[in-house]
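Reviewing the structure listed below.
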Amino acid sequence: MTLAIPHARAAVEGPNTNLPSVAGSRLTVPLTDGTQVQYANLDHAASAPCLNAVQQAVDEFLPWYASVHRGAGFASQVSTKIYERARQVVREFVGARRTDEVVFTRNTTDALNLLARALPANTSVVVFDTDHHAALLPWRGPHVYRVTPTAEVERDLDEALARTPTGPRLVVVTGATNVTGELWPVTRLAAVARRHGARIALDAAQLAPHRPVDVRELDVDYVVLSGHKLYAPFGAGALVGRPDWLRAANPYLAGGGATRLVTERAVSWNYGPERHEAGSPNVVGAYALAVACQTLGRSWDAVVAHEEELLARLRTGLASIPGVRQLSILGADTPRVGVVSFTVEGHDPGLVAAYLSAEHGIGVRDGAFCAHIAVNRLTEGRALRASLGLGSTAEHVDRLLTALRRLVTDGPAGHYELVDGRYAPGEDTRPLPAFLSDL
């Protein structure tokens, strides 16, 4: 069957010379002084905005949305084709091997929990304790080894693997840390893992939106990622990797779609990726993820150049502000993506974030970023994080730097109070969007 979805192809096939655009790039937000300003979204590491190409593609697909895999209707056949094509696009995006399984999940956390459930009995797992909770917490059992990384991270891993007992081993590494943006030496860590006969899983949640990922070049066995970090906020992620452990494991969830046959006495489970995709799949999310992958894959030169220019501007500017300290796990000179965490001496991170939002229209993250051990080790437990992406501009960076200098010099203009554990303006008169009036 040949699919002919009107305009869907045009939504994702544009020239590869321009930086992909995002929804909300012209969004204005109210300030506490009664004015409006263009929103400076410097919180891409938490959730990136939707690519305009993704939004358009999803809008065009929605009239065709129907059940997947089990419908005879034409719309169901279209939805099934789109879902399975999305699987192939994700495979190509991460440079996976032909035999690798592509399992759609909700997000990175879901994907790593799925992998944890699929490990053979008595697998030794080595994980770095500075990683995001999604990579740190899913692993259970007596053979989980948490490593505190140093500047000699390859030696740290080698020593940890030497302590593991004979049997299957898995190393979990991050591609780019969500706390500092530092790029980890994945290929070199994979070489260490191979010397010990270990497999390696790559948490690419923060890496994939900023740099190309190639499973074969990096020599990793599994890679996980999230659509909401990849400019496709429609609730899908993926686990891509070697099929043997996945096919031997019990289904991640029991239910329709994971089964081949159910009788009164027995259940026969599917053998491929559907084994771990019980329930009606998120075909819209999978399609959105695939469109984002295609769009970014055609634009890497522009994406990387845009980010590196803004990152240099941000880091240089922060270094010039008295009392601002940038955080690092592996060393200040470590290459990184557009994520910078910092503290401002004498100022609570939560108060600074509230001030930046209320008085300057800037969105940043404050707290421990779901990486409590890392942040506790680098600070007194909380910090600020500015993260760049396709929606970021030089004006956004300069506005942040100006606002921080003003804070250090004069303090906030307004009064802030703790409300349910979060700082907020004492008299916050900023109106909510009109569409919320009906909810």
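The values are calculated or read from the model by the stated rules, or taken from the named source; none is laboratory data. All of these numbers come straight from a predicted model, not from anything done at the bench. No Cβ is skipped: glycine too gets one built from the backbone with ideal geometry, and neighbour counts run over all protein chains shown.
Give me the pairs, please: first residue somewhere in region 386-413 and within 18 Å of GLY181 (Cα to Cα), second residue anywhere and surrounded by fewer than 22 Cβ atoms within 10 Å (Cβ to Cβ) and at pLDDT below 95, beta-carbon distance under 6 Å, and either six or more positions apart or on two chains.
GLY391/SER25
Would it be correct to say that THR148 is farther than 25 Å from ARG117 by Cα, surrounded by fewer than 19 Cβ atoms within 10 Å (Cβ to Cβ) and among the β-branched types (Val, Ile, Thr)? I'd like the intermediate steps shown before the answer.
Working: farther than 25 Å from ARG117 by Cα: no; surrounded by fewer than 19 Cβ atoms within 10 Å (Cβ to Cβ): yes; among the β-branched types (Val, Ile, Thr): yes.
Spelling it out, it is not the case that THR148 is farther than 25 Å from ARG117 by Cα, surrounded by fewer than 19 Cβ atoms within 10 Å (Cβ to Cβ) and among the β-branched types (Val, Ile, Thr).
Here is a yes/no grid of residues against (1) free of Cβ contacts under 8 Å to residues at least 40 places away in the same chain; (2) on the phi < 0 side of the Ramachandran plot; (3) not assigned by TED's automatic domain parsing to the domain that holds THR109:
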site: ALA248; (1), (2), (3): no, yes, no
site: ASN270; (1), (2), (3): yes, yes, no
site: GLY279; (1), (2), (3): yes, no, no
site: CYS293; (1), (2), (3): no, yes, no
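Listed here are the residues, each with its yes/no results for (1) free of Cβ contacts under 8 Å to residues at least 24 places away in the same chain; (2) within 30 Å of TRP245 (Cα to Cα); (3) assigned to a strand (DSSP E or B).
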residue: THR32; (1), (2), (3): no, no, no
residue: VAL58; (1), (2), (3): no, no, no
residue: ARG85; (1), (2), (3): no, yes, no
residue: GLY95; (1), (2), (3): no, yes, no
residue: VAL103; (1), (2), (3): no, yes, yes
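Quickly run through region 203-216 and pick out the residues that are within 19 Å of ARG336 (Cα to Cα), among the charged types (D, E, K, R) and surrounded by fewer than 21 Cβ atoms within 10 Å (Cβ to Cβ).
As a first pass, look at region 203-216 and keep what is within 19 Å of ARG336 (Cα to Cα): 203-214.
With the extra rule that they be among the charged types (D, E, K, R), the set shrinks to 203, 211, 214.
Selection gives ARG211, ASP214.
Mind listing whichever residues of region 319-344 are buried (at least 19 other Cβ atoms within 10 Å of the Cβ) and hydroxyl-bearing (Ser, Thr, Tyr)?
Selection gives SER328, SER341, THR343.
Name the one entry in LEU356, LEU330, LEU318 that is at pLDDT below 95 and of a type in the set (A, V, I, L, M, F, W, C).
Numbers: LEU356 fails: at pLDDT below 95; LEU318 fails: at pLDDT below 95.
Just a single option satisfies the conditions, and that option is LEU330.
Would you mind stating whether ARG70 is surrounded by fewer than 16 Cβ atoms within 10 Å (Cβ to Cβ), among the charged types (D, E, K, R) and not in a helix (DSSP H, G or I)?
Details: surrounded by fewer than 16 Cβ atoms within 10 Å (Cβ to Cβ): yes; among the charged types (D, E, K, R): yes; not in a helix (DSSP H, G or I): yes.
When the stated conditions are applied, ARG70 passes them.
Can you find even one residue in region 378-386 that is within 22 Å of VAL303 (Cα to Cα), among the hydrophobic types (A, V, I, L, M, F, W, C), in contact with a Gly (Cβ under 8 Å, 6 or more places away or on another chain) and in the same structural domain as GLY34 (by TED's automatic domain parsing)? Even if it seems obvious, please write down each step before you answer.
Applying the first criterion (within 22 Å of VAL303 (Cα to Cα)) to region 378-386 yields 385-386.
Those still in the list that are among the hydrophobic types (A, V, I, L, M, F, W, C) too: 386.
Among the residues that remain, those that are also in contact with a Gly (Cβ under 8 Å, 6 or more places away or on another chain) are: none.
No, every residue in region 378-386 fails to be within 22 Å of VAL303 (Cα to Cα), among the hydrophobic types (A, V, I, L, M, F, W, C), in contact with a Gly (Cβ under 8 Å, 6 or more places away or on another chain) and in the same structural domain as GLY34 (by TED's automatic domain parsing).
What number of residues within region 357-385 satisfy the criterion of being outside any loop (DSSP other than H, G, I, E, B) and under 24 Å from the mean Cα position of the chain (by Cα)? Explain how you work it out, then say what you get.
Our first condition is that a residue be outside any loop (DSSP other than H, G, I, E, B); within region 357-385, this holds for 357-360, 362-363, 365-367, 372-378, 383-385.
Applying the additional criterion that residues be under 24 Å from the mean Cα position of the chain (by Cα) yields 357, 362-363, 365-367, 372-378, 383-385.
The total comes to 16.
For residues in region 252-269 being surrounded by 10 or more Cβ atoms within 10 Å (Cβ to Cβ) and small (Gly, Ala, Ser), which is farthest from ASN113 (Cα to Cα)? Show your work before the answer.
Applying the first criterion (surrounded by 10 or more Cβ atoms within 10 Å (Cβ to Cβ)) to region 252-269 yields 252-260, 262, 267-269.
Imposing the further condition that a residue be small (Gly, Ala, Ser) reduces the set to 254-258, 268.
Working: ALA254: 15, GLY255: 18, GLY256: 20, GLY257: 19, ALA258: 17, SER268: 23 Å.
Checking each candidate, the answer is SER268.
Conditions (1) touching a Phe, Trp or Tyr at 6+ places or on another chain (Cβ under 8 Å); (2) modelled with pLDDT of 95 or more; (3) part of a loop (DSSP other than H, G, I, E, B); (4) among the polar types (S, T, N, Q), marked per residue:
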| residue | (1), (2), (3), (4) |
| --- | --- |
| ALA121 | no, no, yes, no |
| GLY141 | no, no, yes, no |
| TYR145 | no, yes, no, no |
| ALA151 | no, no, yes, no |
| VAL173 | yes, yes, no, no |
| ASN178 | yes, yes, yes, yes |
| ALA190 | no, yes, no, no |
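So if I check each of THR316, THR295, which one is under 30 Å from LEU51 (Cβ atoms), among the β-branched types (Val, Ile, Thr) and surrounded by fewer than 20 Cβ atoms within 10 Å (Cβ to Cβ)? First the steps, then the outcome.
On the way: THR295 fails: surrounded by fewer than 20 Cβ atoms within 10 Å (Cβ to Cβ).
From the options THR316, THR295, the qualifying one is THR316.
Kindly indicate whether any position in region 308-318 is more than 19 Å from ALA45 (Cβ to Cβ) and either in contact with an Asp or Glu (Cβ under 9 Å, 6 or more places away or on another chain) or in the same structural domain as ARG87 (by TED's automatic domain parsing) (or both).
no
For region 231-337, please list each of the helices (runs of 4 or more DSSP H) lying entirely inside it that holds at least 2 residues being closer than 19 Å to THR80 by Cβ and not charged (D, E, K, R). Give the steps one after another, and end with the answer.
On the way: elements: 243-248, 283-297, 300-319.
Fully inside region 231-337 and qualifying: 283-297.
Which of the residues spanning region 345-365 are within 10 Å of LEU384 (Cα to Cα) and buried (at least 21 other Cβ atoms within 10 Å of the Cβ)?
Listed by number, the residues that qualify are PRO349, VAL352, ALA353, VAL364, ARG365.
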